[in-house]
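For reference, the structure discussed in these notes is given below.
The values are calculated or read from the model by the stated rules, or taken from the named source; none is laboratory data. Note that the structure is a prediction, hence the values are computed from the model and not measured. We place every Cβ from the backbone using ideal geometry, glycine too, and count neighbours over all the protein chains shown. These accessible areas exclude ligands, DNA and RNA; they are computed on the full protein's heavy atoms, side chains included. Shrake-Rupley method; radii C 1.70, N 1.55, O 1.52, S 1.80 Å.
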Amino acid sequence: MARHFLALHDFNEIELYGMLTFARELKEKQKQSIPHKLLDGKTVALIFEKASTRTRVSFEVGVFQLGGHGLFMSSGNSQMGRGEPIKDTARVMARYCDGVMIRTFGQEIVEEFARYSDVPVINGLTDLFHPCQIMADLMTVIEHKKSYEGLKFAWVGDGNNMANTWIEAAAIFGFELRLACPAGYEPDKKVMEWAEAKAPGKIILSTDPKSAVAGADVVNTDVWASMGQETEQKEREKAFVGYCLDDNLLALAKPDCIVLHCLPAHRGEEISDSVIEGKSSVVWDEAENRLHIQKAIMATLIK
Ligand code: CP
Ligand code: NVA
């Protein structure tokens, strides 16, 4: 049975930490030009039902560096876009490919895909979760802060796929996460309940960006309107007033804090230009680490 990477809760802390360590080893090998053709001759399908820059490029380059082939597919140019059932696509893809990455809308789509797939399926972002991104983020935190243990994490903004995945990460890894989300834009209720049961008291949700950021070691934000929510942009701009991660808000965090943003960023909305370009920002390392962690995830799962 293939093992899939659909959400962080599919794995325990030891397994996820193992992938983070493996990613650092692969990063080092890549930097030193030491071959690591762990997917030699393998093909990984990369299916996109939403736009992407980082995910597409990092997966495609990552598979290549591992000696395999990344096969880009978009729903618009495949039969998926014409309504071919997910379960049919999944079974056919598994006859050709050794693994599948899929970026789509509902989490139930990746779950159905995985149910019918004999090869590992990796979630490249859904409306609910973005697990590859949070793994890259954790790798970046470890690089800059040595460890995540004892650190205070802050989330400012929408209770979206990124926030939900951070909540899972906090519960699994056991760090403190304070989220500030406007009323009506809270994280997924079931994810919150799962996390609260797993790690009572570690996840604190409020509507106050200042209390979330105060004393934080890691400050994280994301766009106010995610992919698929473009028509809500104007309404969200009103609801998110006061949620811009700017110099004043960041001044409340620890002086040596780091700032994460999965990108793409909307400067002047969820983050100011001065913060994303400032000394605390590690967003370029974070983007780079997508490559290394995804290589580790693929090489761990794809046999
Ligand atoms: N962070 C992220 O997933 O970026 P893309 O949408 O460009 O893939
Ligand atoms: N929350 C954003 C993340 C983009 C990488 C979205 O889903 O559009």
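Before moving on, here are some points about what is shown:
- Count of the range 154-165 residues which are touching a helix residue (DSSP H, G or I) at 6+ places or on another chain (Cβ under 6 Å) and either aromatic (Phe, Trp, Tyr) or within 15 Å of Thr207 (Cα to Cα) (or both): 3
- Selection from the range 193-210 of residues that are part of a helix (DSSP H, G or I), open to solvent by 40 Å² or more (accessible area, probe 1.4 Å) and among the aliphatic types (A, V, I, L, M): Ala197
- Any hit, the range 230-250, residues being open to solvent by less than 10 Å² (accessible area, probe 1.4 Å), touching a helix residue (DSSP H, G or I) at 6+ places or on another chain (Cβ under 8 Å) and either more than 16 Å from ligand 1 (Cβ to nearest atom) or part of a helix (DSSP H, G or I) (or both): yes
- Enumeration of residues in the range 211-229 that are closer than 26 Å to Glu49 by Cβ and either surrounded by 18 or more Cβ atoms within 10 Å (Cβ to Cβ) or of a type in the set (Asp, Glu) (or both): Asn220, Thr221, Asp222, Val223, Trp224, Ala225, Ser226
- Tabulated pairs, the range 140-157, first part of a helix (DSSP H, G or I), second modelled with pLDDT under 95 and open to solvent by 70 Å² or more (accessible area, probe 1.4 Å), C-beta under 9 angstrom, 6+ apart or interchain: none
- Screening Pro182 with (1) farther than 25 Å from Gly150 by Cα; (2) in contact with a Ser or Thr (Cβ under 8 Å, 6 or more places away or on another chain); (3) open to solvent by 10 Å² or more (accessible area, probe 1.4 Å) gives one miss only, at (3).
- Screening the range 258-272 for residues that are crowded, with 20+ Cβ neighbours inside 10 Å and closer than 22 Å to Ala214 by Cβ and picking the one that is farthest from ligand 1 (Cβ to nearest atom) gives Ile258.
- Residue within the range 144-151 that is under 19 Å from the mean Cα position of the chain (by Cα), within 22 Å of Leu39 (Cβ to Cβ) and at pLDDT 95 or above present: no
- Criterion applied to Lys303, Lys279, Lys295 was being more than 23 Å from Ala154 (Cβ to Cβ) and in a loop (DSSP other than H, G, I, E, B), and the one residue passing it is Lys303.
- The set of residues from the range 273-299 being more than 18 Å from Trp166 (Cβ to Cβ), touching a residue at least 24 places away in the same chain (Cβ under 8 Å), open to solvent by 50 Å² or more (accessible area, probe 1.4 Å) and not small (Gly, Ala, Ser) is empty.
- Which numbered condition Gly157 fails, given (1) at negative phi; (2) more than 11 Å from the chain's Cα centre (by Cα); (3) within 16 Å of ligand 2 (Cβ to nearest atom): (1)
Quick grid of which residues meet (1) within 16 Å of ligand 2 (Cβ to nearest atom); (2) among the hydrophobic types (A, V, I, L, M, F, W, C):
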position: Phe173; (1), (2): no, yes
position: Leu177; (1), (2): no, yes
position: Lys190; (1), (2): no, no
position: Trp194; (1), (2): no, yes
position: Ala197; (1), (2): no, yes
position: Ile204; (1), (2): no, yes
position: Pro209; (1), (2): no, no
position: Gly228; (1), (2): yes, no
position: Lys238; (1), (2): no, no
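- Of all residues making up the range 58-103, the number that are open to solvent by 50 Å² or more (accessible area, probe 1.4 Å), under 23 Å from Leu291 (Cβ atoms) and β-branched (Val, Ile, Thr): 1
- For beta carbons closer than 6 Å, sequence separation of 6+ or different chains, a first residue in the range 190-206 that is under 15 Å from Asn161 (Cα atoms) and a second that is of a type in the set (A, V, I, L, M, F, W, C) and surrounded by 14 or more Cβ atoms within 10 Å (Cβ to Cβ), the qualifying pairs are Val191/Ile167; Ala195/Ile167; Ala195/Ala171; Ala195/Ile203.
- Of all residues in the range 109-130 being out of contact with any strand residue (DSSP E or B) (no Cβ under 7 Å at 6 or more places or on another chain) and within 17 Å of Thr89 (Cα to Cα), the one that is nearest to ligand 2 (Cβ to nearest atom): Ile109
- Of Leu66, Leu71, all but one fail to be touching a residue at least 60 places away in the same chain (Cβ under 8 Å) and either within 11 Å of ligand 1 (Cβ to nearest atom) or not small (Gly, Ala, Ser) (or both); the exception is Leu66.
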